[in-house]
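Written out below as structure tokens is the structure these notes cover.
The values are calculated or read from the model by the stated rules, or taken from the named source; none is laboratory data. What you see is a predicted model, and the numbers here were worked out from it, not measured in a lab. Every residue, glycine as well, gets a Cβ built from its backbone with ideal geometry; the counts of neighbours run over all protein chains shown.
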Amino acid sequence: PPSPLSFIEGKLSESLVYPPLKIALLSEADIFGRKIPRRYKFRPGRESFFLRSFGDLREGDYVVHKDHGIGIYRGLQKIKFEGIENDFLLLEYAGGDKLYLPVDRLDRIQRYLGPEGYSPRIDRLGGTSWETLKSKVKQSIYQVAQELVAIYAARSVMERHPFSPTDRLYEEFCALFEYEETPDQAQAIEDVHLDMNRDKPMDRLICGDAGFGKTEVALRAAFRAVMDNKQVAVLVPTTILAEQHFQTFSQRFRNFPIRVEVLNRLKSKAETTDILRGLSGGQVDIIIGTHRLLQKDVKFKNLGLVVIDEEQRFGVTDKEKLKKLRALVDVLTLTATPIPRTLHLALVGLRDMSVINTPPENRLPIKTYVVEFNDQIIVDAIRKELERGGQTFFLHDRVRSIYTMAHYLERLIPEARIAVVHGQLKPREIEEAMVRFIKKEADVLVCTSIISAGVDIPTANTIIINRADRFGLAQLYQIRGRVGRYKEEAYAYLLIPKGAMLSRDAVRRLQVIMELTEPGSGFRIATHDLDIRGAGNILGLAQSGHISAVGYELYTELMEQTIKEIKGEYTGAEEFRPEINLGISAFIPSDYMPDEHLRLTHYKRISLASSDEELSAIREELLDSHGRLPEPVEHLFSIIGIRNSLIRLKVQKLTYNGKELILKFAPSTPANPHSIISLLKKRGRGGRFSPDYVLTLGAPHLSPSALLKEIGAIIGYLTEG
């Protein structure tokens, strides 16, 4: 019989009673008096970003070999040598030289990711130019890394009083949030709380798709800061976004004694003077503004928190000012599309990061169409939106012809009320046009990309983007994010000219944006954006040439390595790779995994695995998805496991010639000489250890399985000794 009291894990926003069945369902909030935030972990690994790109590798693409330089990928080839079959990657270098790379060494190569339209120089096998280039790039990185480490080191030694603990007033503020927090959002809020509880300044990046609730995370941090008698500055890239944030913040704080102001070019001189006086005197608690907030006449009485929205849209000078600001106060950065710089800093551990990947409930994918410019499609799209009482954005990113386009649309759809907005209008005109649209006094907003950052209009759920082929991927993604932020189904029409010959990159951009329609794709955009646009702005223009020279992934690795060196954490173990020649078939058969791109991804994943735990996890995945592992796949896992052990023992080379096992140790090997002598005694005749650190052990005519087992036992003996 069921017990009178049961605990069920599920979603229940409030309690309910159903008398006919004598059931009462009590929500967590009613049991505990408040909702208990759960901890949800998201650990973005650098490999996952680059792995996806590697799986997309096509014949003819550029690849980077860490030791040999940039070559061209010519396909995955099966080669049989002395009766042993294996998969190899064929790479072509300058002069037609070919390199056949065994699949267990895929950790040495990467797909080349560089600036759009850039063709890197192909290296010559056996030449010295690649090593010279790597050395030059590393030297340049060292200078940049020192500056970065200095900023973050300065923050780590800085101390400030932790913010006061949350209280009943804070709980009241949270209770006024009209939605239920998504799991990732709850985790981001918790992460920020923990940062504010510490005695070190916060520098956290909140990465989440448009409309996924990043602003609420910032609102709660701001409330806590103000309740602790600190001032909050919210920096945004555009006037329109400043106005919208002002509305949001004012609305959320209306029941509390908090003064929120906005400072931008829409304010009169008298209003600006009054706000500046309020800031310096401490009467203004929260100030929202564009780069105007970074000017010298803006003085705070007690600035405690800076919220930066879409940092990548600020200019170089403003970014430099923001860099200096980071060393002084707590910083919370919000972004819907992490650009390489932000993403990179987060990945190499110099910046804390929270990812909001879970969409709000009932959020639908945006239906996205790429179509040639066509009057009927435009008319149907706008009328369909009008019929359901909605509004449409028509994006035309050419100020010179924007009014011509607006008149054209007026003739096509006479019943639609049209407003026009662009960056060259006077501040008041921008505000008036936007307010008309927000108040639903206009049905169609013909606009430039001024609306790409943060415009939030719940009733606008159709967007038509003219000449979509001219936009970068991240920009397209952000512009499309202006619609579909609520429960209504949203539509995006990407218009291209009739019969236009689009560049290869433009076609790929449009394909990617069509594929990534699910809510939460924004984080994936970053890698596609690297792939297509390149990483020119990763660490300032001075570095863009170096990124082009060695590719983004290797550049990132060199940066990470350099930072570790500066911090005294680099051991060199990451670069140590033994050569293994055992004469064993170790590959993924095509009849076990027919998709070549999937095989490539798995080869890369297995070769990157640096622990037994990682190898076991991949092995379990394969068992689940493809069934029992064929013998060559088992061999591949064993060889990578052996490789990882050889790295720890600093064995440079392992060879089996059918009669003997030969291990060549590095002079710095941690293997105990007594263990080696003991092993030789234990195995009897046929073994020797030479002065040049070569250990030879008799092992005649072993089958592949027996050989791998024997090597495992030898390594185990040497490791334990």
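Each row is one residue, and each column tells you yes or no for (1) modelled with pLDDT of 85 or more; (2) crowded, with 18+ Cβ neighbours inside 10 Å; (3) not β-branched (V, I, T).
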{"residue": "I84", "(1), (2), (3)": "yes, no, no"}
{"residue": "Y118", "(1), (2), (3)": "no, no, yes"}
{"residue": "I141", "(1), (2), (3)": "no, yes, no"}
{"residue": "L176", "(1), (2), (3)": "yes, no, yes"}
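Looking only at the range 432-449, count how many residues are in a helix (DSSP H, G or I), surrounded by fewer than 21 Cβ atoms within 10 Å (Cβ to Cβ) and either touching a helix residue (DSSP H, G or I) at 6+ places or on another chain (Cβ under 7 Å) or among the hydroxyl-bearing types (S, T, Y) (or both).
1
Just the residues that are of a type in the set (A, V, I, L, M) and touching a Lys or Arg at 6+ places or on another chain (Cβ under 8 Å), please, taken from the range 431-479. Let's see the steps before the verdict.
To start, the set of residues in the range 431-479 that are of a type in the set (A, V, I, L, M) comprises 433-435, 438, 442, 444-446, 450-451, 453, 455, 457, 460, 463-465, 468, 473-474, 476, 479.
Answer for the range 431-479, where residues must be of a type in the set (A, V, I, L, M) and touching a Lys or Arg at 6+ places or on another chain (Cβ under 8 Å): A442, V444, I451, A453, V455, I457, A460, I463, I465, L473, A474, L476.
Before we move on, is R277 assigned to a helix (DSSP H, G or I) and either touching a His at 6+ places or on another chain (Cβ under 9 Å) or of a type in the set (V, I, T) (or both)?
no
Are any of the residues in the range 135-151 outside the structural domain of Y603 (by TED's automatic domain parsing) and in contact with a strand residue (DSSP E or B) (Cβ under 8 Å, 6 or more places away or on another chain)?
Within the range 135-151, none of the residues are outside the structural domain of Y603 (by TED's automatic domain parsing) and in contact with a strand residue (DSSP E or B) (Cβ under 8 Å, 6 or more places away or on another chain).
For the range 384-401, check the following and say yes or no: at least one residue is in a loop (DSSP other than H, G, I, E, B) and within 27 Å of L235 (Cβ to Cβ).
yes
How many residues are surrounded by fewer than 17 Cβ atoms within 10 Å (Cβ to Cβ), touching a residue at least 24 places away in the same chain (Cβ under 8 Å) and under 17 Å from A706 (Cβ atoms) if we restrict to the range 616-654?
Within the range 616-654, residues that are surrounded by fewer than 17 Cβ atoms within 10 Å (Cβ to Cβ), touching a residue at least 24 places away in the same chain (Cβ under 8 Å) and under 17 Å from A706 (Cβ atoms) number 1.
So which helices (runs of 4 or more DSSP H) stay within the range 538-649 end to end and still have 2 or more residues that are closer than 30 Å to K80 by Cα and among the acidic types (D, E)?
Of the helices (runs of 4 or more DSSP H) lying wholly inside the range 538-649, those with at least 2 residues that are closer than 30 Å to K80 by Cα and among the acidic types (D, E) span 612-626, 631-649.
Evaluate the following for F173: is it within 22 Å of K200 (Cβ to Cβ) and either in contact (Cβ under 8 Å) with a residue 60 or more places away in the chain or over 25 Å from the mean Cα position of the chain (by Cα) (or both)? It would help to see each step written out before you state the result.
On the way: within 22 Å of K200 (Cβ to Cβ): no; either in contact (Cβ under 8 Å) with a residue 60 or more places away in the chain or over 25 Å from the mean Cα position of the chain (by Cα) (or both): yes.
The answer is no for F173.
Give just the number: which of (1) in contact with a strand residue (DSSP E or B) (Cβ under 9 Å, 6 or more places away or on another chain); (2) in a loop (DSSP other than H, G, I, E, B) does R265 not satisfy?
(1)
Of the numbered conditions (1) of a type in the set (V, I, T); (2) more than 30 Å from V307 (Cα to Cα); (3) in contact with a helix residue (DSSP H, G or I) (Cβ under 9 Å, 6 or more places away or on another chain); (4) surrounded by fewer than 17 Cβ atoms within 10 Å (Cβ to Cβ), T128 fails exactly one; give the number of that condition.
(3)
Among the residues of the range 216-223, is any closer than 22 Å to G304 by Cβ, surrounded by fewer than 22 Cβ atoms within 10 Å (Cβ to Cβ) and in contact with an Asp or Glu (Cβ under 7 Å, 6 or more places away or on another chain)?
Taking every residue of the range 216-223 in turn, none turns out to be closer than 22 Å to G304 by Cβ, surrounded by fewer than 22 Cβ atoms within 10 Å (Cβ to Cβ) and in contact with an Asp or Glu (Cβ under 7 Å, 6 or more places away or on another chain).
Please determine whether any residue of the range 183-196 is without any contact (Cβ under 8 Å) to a residue 12 or more places away in the chain and either part of a helix (DSSP H, G or I) or basic (K, R) (or both).
So far as the range 183-196 goes, yes, one or more of its residues are without any contact (Cβ under 8 Å) to a residue 12 or more places away in the chain and either part of a helix (DSSP H, G or I) or basic (K, R) (or both).
Every residue in the range 658-694 that is in contact with a helix residue (DSSP H, G or I) (Cβ under 7 Å, 6 or more places away or on another chain) and in a loop (DSSP other than H, G, I, E, B), please.
Matches in the range 658-694: T669, P670, A671, G687.
Quick one: would you say V234 is outside the structural domain of V483 (by TED's automatic domain parsing) and either free of Cβ contacts under 8 Å to residues at least 24 places away in the same chain or touching a Gly at 6+ places or on another chain (Cβ under 9 Å) (or both)?
Yes, satisfied.
Which one is farthest from the chain's Cα centre (by Cα), of the residues in the range 690-705 that are surrounded by 13 or more Cβ atoms within 10 Å (Cβ to Cβ) and not hydrophobic (A, V, I, L, M, F, W, C)?
Looking only at the range 690-705, we keep the residues that are surrounded by 13 or more Cβ atoms within 10 Å (Cβ to Cβ), and these are 693-699, 702, 704-705.
Checking which are not hydrophobic (A, V, I, L, M, F, W, C) leaves us with 693, 696, 698, 704-705.
Working: Y693: 44, T696: 47, G698: 50, P704: 41, S705: 41 Å.
Residue satisfying both the conditions and the ranking: G698.
Does T655 satisfy the condition of being under 41 Å from the mean Cα position of the chain (by Cα), not in a loop (DSSP other than H, G, I, E, B) and not acidic (D, E)?
Judged against the criteria, T655 is a match.
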